[in-house]
Structure formats: C-alpha cells, structure tokens
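Chemist: Structure incoming, see below.
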Amino acid sequence: MEIEAELLPPKVLVVDANVRHCLLYRMEMEAQGYEVVCAHNGHDALQQLQQRRFDVAVVDVILPDISGIDLTEQISTTRRRPKGRRLPIIINTAYPYPQQQARRWSADAFILKSSNLDELMGKITSFLRRKRRRN
C-alpha cells in the first residue's frame, strides 16, 4: 500500500479565500505534477481533510469563517498521520508577520504571497523530499 501511495502524485491542500490565488496555485502546482484541492474557507478545508489524505497544506491567514492561525492549530492537533507524523503546514499570506510567529501558530513554514511561486514551490518540494526519505 505504501508503494502505491508513492506512485500517486503528491496532494496539496490550498486554503485561500481568494479564488484567483487558488487558480494560480493550482495551475502552477499541477504543471509540476501535484494534485491540488482548493478550499475557500476553514470549514471546507476541514471537510477535505476528513475525506482524503494530503501531503502538504498551504494556508492563508485571512479566511472568511475562521482565522488561518486557528485552522493550522486545529489541523496540527487533530490530523496526526501514521507513525505520529503530522501534515506539514505552510502559512502563505500577504501580511509580513515575524517568522518566529509561524512556529507558535503550529505552522512548519511561513512564506509571503507573491505572484512568483518559486519560494512556495521550493518549500513544498522540500517537505515532500523529507517525507520520501522517512518512508
């Protein structure tokens, strides 16, 4: 079963209220071979997490129903994976919060939004490499 999972494209959950941002992320990530699911609020994100397994979550801080900060805390405490591993979460926002704040928010990384997705894609790739090494 683990071997089959490695053959599937990596799954990324993008949580962003802005439909255009989700479309941009989806186009870029799918071009890199990722499967992308967009959720436009925290409730939808939690539903998606109940329905399928993701390799990485990219979460904006500003969401219409719950803050992305609260969402990351909920995800990190309730979405444990096999062998105690948890879902890597990247905070991706337009607001320049201090980097150390991301750790207090139960996030694994903090990236400022940009139309250039190189930094975000690099961080996703880094998390996926770590996952492959552990498996």
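Readers should treat all values here as calculations from the given coordinates under stated rules, not as data from a laboratory. Computed from a predicted model, the values in this text were never measured in an experiment. With ideal geometry, Cβ positions are generated from the backbone for all residues, glycine too; neighbour counts draw on all protein chains shown.
Chemist: Which order do the peptides 121-134, 48-61, 21-34 take when ranked by the mean count of other beta-carbon atoms within 10 Å per residue, highest first?
Modeler: Taking the mean over residues of other Cβ atoms within 10 Å, the ranking is 48-61, 21-34, 121-134.
Chemist: If each of V19 and L7 carries a label point 7 Å out from its Cα toward its Cβ, how far apart are those two points in nm?
Modeler: The two pseudo-label positions are separated by 3.7 nm.
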